[in-house]
Amino acid sequence: MRTVKIVAASALMAAVLYGCSQPSEAQAPPAPQVTVSTPLMQTIQDWDEFTGRFEATQSVEVRARVGGYIQAVHFRDGQFVRRGQLLFTLDPRPAQAALAAARAQLSQAQAQLNLAQTEFTRAETLLASQAVSQAEFDTRRGAVQQAEAAVASANAAVRARQLDLEFTRVTAPISGRVSDRRVDAGNLVGGGSSAADVLTTVVSSAPIHFVFDGSEAVLLKYQRQARTGAAPIQVRLQDESGFSRSGTLDFTDNAVDTASGVIRLRAVIPNADGFLKPGMFGQARLAGAGSYRAMLVPDAAIATDQARRVVYVVAQDGSVAPRAVQLGPLVDGLRVIRGGIRETDRVIINGLQRVQQPGVKVQARNGRIQPVAQQAQTPVTTMAPASSATFANSVSGD
């Protein structure tokens, strides 16, 4: 009996000790930890962003101005050529023969002129002594005029044949990068018209044009700002993160396309190294307004609440409250906040996923907002790639 009591007491003590080792169901979990910071205040400038392609300022299809057989090719495919540099040589012998025939015709016409002038001089002397009639005198004078016209015609024919001989040397019409040869030596090509065979093409390399389309809203905004002169523009290629190439806007088309509602614009970009090629895709940005002070927060700090964009603000007692905000463009990797919070509000910038619902208490740790990429001394607006019909001003709310 005593043994049973000892076993029962041991079991009761074990149950009590086990119960004491379990956590209390009434104990609250610790408050989640988040990182907060006041919005970063910076002076920024909005930019309108466009997409477009590079085009050569000059582009020429090289054609022969006379037909004939290609005798020689004097360039390497893809090399840089200067204006006037020899590209192709056509067989000059037919042109040389034609020039010789034209010169012979000129000599014949000159001989006829000399004879006519001699007869006219004689007729003048005889007319004074009444040895010839007035009609005969007029005939001799007409013969001189006809001979002079024949000489002029023969001279023109000689100049034409000289040009034909010069045109057997096909030279570069502009300085630039030449394409590959479309015909080899020994081929017969036509020339002298727009339907002639294309021998190669030459495109200028420096400077280069960047052509893009702007919306009617952008056009109206710039016109209302009464901008004059060449506006500065910055361009980047599709594999570049920064707008490292600068140029000037030098042309705006004279009409808006009624079908698409856009207008064509063009900028001139220096290209001394020839790196930019016609047809390349690029993005450009044009300063859309003057600089102003703005609040910036990380894009990751912005949440979506149905149709609203919100940030979560932590009060002094640690409670969390959502604030609907008006968004602007991205600036150095940070999002511009145009309204909805104050400069002194503590915004959750890290740990937003730990906040399950508004009103929950958190442990706030102070952090600091820093630009993701500082592209210039003055902060500038960068935007995500868009089609040529989508512009930065539609995002920024201008």
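The values are calculated or read from the model by the stated rules, or taken from the named source; none is laboratory data. Please read these numbers as outputs of a predicted model, since none were measured by experiment. Counting neighbours? That spans all protein chains shown, and the Cβs are built from the backbone with ideal geometry, glycine included.
Values for this structure:
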item: All positions within the stretch 339-353 that are surrounded by 14 or more Cβ atoms within 10 Å (Cβ to Cβ) and on the phi < 0 side of the Ramachandran plot; result: I341, D345, R346, V347, I348, I349, N350, L352
item: Given (1) loosely packed, with under 14 Cβ neighbours inside 10 Å; (2) in a helix (DSSP H, G or I); (3) free of Cβ contacts under 8 Å to residues at least 40 places away in the same chain, number of the condition Q112 does not satisfy; result: (1)
item: Residues located in the stretch 129-146, provided they are among the small types (G, A, S) and not in a loop (DSSP other than H, G, I, E, B); result: A135, G142, A143
item: Out of V268, V297, sole residue that is assigned to a strand (DSSP E or B), more than 30 Å from S175 (Cα to Cα), in contact (Cβ under 8 Å) with a residue 60 or more places away in the chain and among the β-branched types (V, I, T); result: V297
item: So R342, is it under 24 Å from V36 (Cβ atoms), in contact with a helix residue (DSSP H, G or I) (Cβ under 6 Å, 6 or more places away or on another chain) and modelled with pLDDT of 85 or more; result: no
item: Top-ranked residue of the stretch 86-102 - restricted to ones that are touching a strand residue (DSSP E or B) at 6+ places or on another chain (Cβ under 6 Å) and not aliphatic (A, V, I, L, M), ranked as surrounded by the most Cβ atoms within 10 Å (Cβ to Cβ); result: F88
item: Residue list for the stretch 273-319, filter: in contact with a Gly (Cβ under 7 Å, 6 or more places away or on another chain) and under 21 Å from V362 (Cβ atoms); result: S319
item: Of all residues in the stretch 110-144 being under 30 Å from V158 (Cβ atoms) and among the hydrophobic types (A, V, I, L, M, F, W, C), the one that is modelled with the lowest pLDDT; result: F120
item: Top-ranked residue of the stretch 153-181 - restricted to ones that are of a type in the set (K, R) and in contact with a Lys or Arg (Cβ under 9 Å, 6 or more places away or on another chain), ranked as nearest to R103 (Cα to Cα); result: R161
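Here is a yes/no grid of residues against (1) free of Cβ contacts under 8 Å to residues at least 24 places away in the same chain; (2) surrounded by 19 or more Cβ atoms within 10 Å (Cβ to Cβ); (3) more than 13 Å from F75 (Cβ to Cβ):
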| residue | (1), (2), (3) |
| --- | --- |
| Q162 | no, no, yes |
| F167 | no, yes, yes |
| V170 | no, yes, no |
| I174 | no, no, yes |
| V178 | no, yes, no |
| A185 | no, no, no |
| V189 | no, yes, yes |
| A195 | yes, no, yes |
| T201 | no, no, no |
